[in-house]
Amino acid sequence: VGDGAAGNRSSPDSVAGGLRFTKLASGNQHTCGLDTSGAAHCWGRNQFGQLGNGSTSDQNTPSAVILGLNFVDLAGSYGNFTCGLTGEGKAYCWGYNRYGQLGDGSTQDSPVPRLVGSGRVFTSLHVGTYAACGIDPGGDTYCWGSNLYGQLGTGDVDDRLTPTLLSGHGQQYQSITMMRNAACGTTVDGTVYCWGLNSSSELGIGVDAYALEPIEVLPLR
């Protein structure tokens, strides 16, 4: 909750520190916010360094994300990592990294922001449980992290430690929604494609088989 003490709250309570935030992003027992200058502050659970303050100690009040980066967007993951997008379009991630979801080419957890993909530029970031995707200025989508069920849409089930171009037929996406083991994207013309785990027909493609690359969702009947 960020009010300086542990314990559940049954009514809204002010986050300590007197900061004013323009955006908030929540993950698994941690929350981050952008202040009016674009600096990120995080609080809550920090076992894997998902607060980005250089430590793995939990924080019950906002703690500044180090390295002095300014962000225009933040995304928190239930998988204990956090990502931020700078005004220049560079992505940074920090926290849990067993599957390469920080996108820095390693599988080592990091309590400080790590540059994704050697500085590849994105216009938006989207995170799942153990994976992330970014859309670049040309509309191409790159994904990285866990790929056990094909949720990266790369045509296989190999994890990716750095951004990898989404497979398919050159679709340009305007938005991506990532679930635990699947993802869906809306193209610039409004068509929806999904990929990944499909054990409960959640991809809407008419079959229960996994989709290792984007498949168009069937139209309404």
Solvent-accessible area per residue for the chain at a 1.4 Å probe radius, Å²? 47
Using amide H atoms built 1.01 Å from N in the peptide plane, name the residues 5+ places from Gly49, or on other chains, whose amide H lies under 5 Å from its own. none
Need one number: convex hull volume per residue for region 1-67, Cα atoms only, in Å³. 84
Rounded to the nearest percent, how much of the accessible area of the chain (1.4 Å probe, protein heavy atoms only) is carbon and sulfur? 47
Honestly region 110-178 on the Cα gyration tensor test (a ≥ b ≥ c root eigenvalues; a/c under 1.5 rounded, otherwise a/b vs b/c for prolate or oblate) is just oblate
Taking the convex hull of Cα positions in the chain, its mean projected area over all directions (nm²): 13.0
How far apart, in nanometres, would the label points at Asp208 and Val157 be if each is projected 7 angstrom from Cα along the Cα-to-Cβ direction? 1.7
Of the candidates Gly68, Gly128, Gly105, which one comes out as most mobile in a Gaussian network treatment of the chain with C-alpha springs shorter than 10 Å? Gly68
To the nearest 10 square angstrom, how much accessible area does Asp208 have with a 1.4 angstrom probe? 100
Write down Rg/Rh for region 32-96, rounded to two decimals, with Rg from the C-alpha atoms and Rh from the Kirkwood relation over Cα pairs. 0.93
With label points set 7 Å from each Cα along the Cα-to-Cβ direction at Leu67 and Ala5, the distance between them in nm comes to 3.6
Ordering of 70-79, 22-31, 197-206, 9-18 by burial proxy (mean other Cβ atoms within 10 Å per residue, highest first): 70-79, 22-31, 197-206, 9-18
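The values are calculated or read from the model by the stated rules, or taken from the named source; none is laboratory data. All figures in this text were calculated on a predicted structure; none of them were measured in a lab. Positions of Cβ are backbone-derived with ideal geometry, glycine not excepted, and every protein chain shown enters the neighbour counts. Each accessible area value is taken on the protein alone, full model and side chains, heavy atoms only, with ligands, DNA and RNA left out. Shrake-Rupley method; radii C 1.70, N 1.55, O 1.52, S 1.80 Å.
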